[in-house]
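Taking it in order: structure first as structure tokens, then the write-up.
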């Protein structure tokens with residue numbers, strides 16, 4: 001008979017581990033037979049549709065510029081020329097910008113600086129919402145951009161950092 005002391009020394013534990021482990025390692029079923037629980041493949045779905053190719057910013061800008069004018073006469077570019085032709089002021093620094101808002105959504109902005117005869121200067125512009133996948137354009141919406149704020153001088157920044165240790169920490 002085996003004493004508890006010799007069983008606990010290691011030989012007995014190895015025998016128990018082998019007796020329990022071999023059936024567990026062997027699995028429960030025959031390895032040669034295929035499993036019957038495999039999910040059937042859905043062949044009826046057909047081929048996967050190709051992803052929609054994204055438009056570049058230049059293509060989006062061209063799409064907006066070639067749209068019919070809101071008044072119905074000509075294109076957006078011709079409409080803008082009529083809007084900016086004024087004897088009381090002059091548009092300067094015209095700029096077209098397309099910014100991606102989502103995977104296929106863009107916002108196109110036309111901004112310019114307006115100078116009136118009385119030396120009043122303001123920033124103005126128009127914005128269009130574009131869905132590149134559907135090739136649709138919504139707008140224009142008149143926008144008045146804010147004047148850029150004066151950047152803080154170096155001494156202002158140092159004074160602010162002395163008062164607030166978290167200033168300019170990102």
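The values are calculated or read from the model by the stated rules, or taken from the named source; none is laboratory data. Everything numeric in this text was worked out from a predicted model, so none of it was measured. All Cβ positions, glycine included, derive from the backbone under ideal geometry; neighbour counts span all protein chains shown.
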Checked 66, 59, 71, 107 against criteria (closer than 30 Å to residue 132 by Cα, modelled with pLDDT under 90, surrounded by 10 or more Cβ atoms within 10 Å (Cβ to Cβ) and within 45 Å of the chain's Cα centre (by Cα)); the one match is 71
Unmet requirement for residue 89, which otherwise passes all of (1) at pLDDT 90 or above; (2) surrounded by 14 or more Cβ atoms within 10 Å (Cβ to Cβ) = (1)
Residue match in segment 113-134 (condition: within 25 Å of residue 59 (Cα to Cα), surrounded by 13 or more Cβ atoms within 10 Å (Cβ to Cβ) and modelled with pLDDT under 85) | no
